[in-house]
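Working notes, beginning with the structure itself.
Taken together, the values in this text are just the output of simple stated rules run on the coordinates, not laboratory data. On a predicted model such as this, the values are computed, not experimentally measured, just so you know. We place every Cβ from the backbone using ideal geometry, glycine too, and count neighbours over all the protein chains shown.
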Amino acid sequence: MPTTIDEPTAAEIAALTGPVLLEFGTSWCGHCAAARPLIAAAMAQHPPVRHIKVEDGPGRRLGRSFRVKLWPTLVFLRNGQEALRIVRPTDESSVDQALAAIEGNPMKGSN
């Protein structure tokens, strides 16, 4: 289950260790709602990855620091550093492959 954080700081994010998925979006966004099931399905295959949902919007500093322009934006981190990004995912396999890559298993999920 993802952790929802309204406004983590850039320093808190940079201090994270291991694989982390930052999901920027809002509860009312239609694109976010459409992506939720495919993100959840992909996350189920990667239990070591921490999933943090960040409520984004005007005046939200973290979203601006990651240059988020569209929702949902998935930022895949390894030890606090951005490794990959997917904007408005439409398929589970792309999310699965990105999660595998930050876990250190880049070939998982690719066929």
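A few notes on this one:
- Answer from Leu38, Leu62, Leu70, Leu84 - the residue that is closer than 18 Å to Gly18 by Cβ and either crowded, with 20+ Cβ neighbours inside 10 Å or of a type outside the set (Phe, Trp, Tyr) (or both): Leu84
- Qualifying positions in the stretch 27-59 - hydrophobic (A, V, I, L, M, F, W, C) and part of a strand (DSSP E or B): Ile52, Val54
- If you check Asp96, Asp56 for being surrounded by 13 or more Cβ atoms within 10 Å (Cβ to Cβ), in contact with a helix residue (DSSP H, G or I) (Cβ under 6 Å, 6 or more places away or on another chain), of a type in the set (Asp, Glu) and free of Cβ contacts under 8 Å to residues at least 40 places away in the same chain, only one passes: Asp56.
- Hits in the stretch 87-107 - residues which are within 12 Å of Glu23 (Cα to Cα) and out of contact with any Leu (no Cβ under 7 Å at 6 or more places or on another chain): none
- Restricting Glu23, Glu7 to residues that are surrounded by fewer than 17 Cβ atoms within 10 Å (Cβ to Cβ) and either under 18 Å from Ser93 (Cα atoms) or among the charged types (D, E, K, R) (or both) narrows the list to Glu7.
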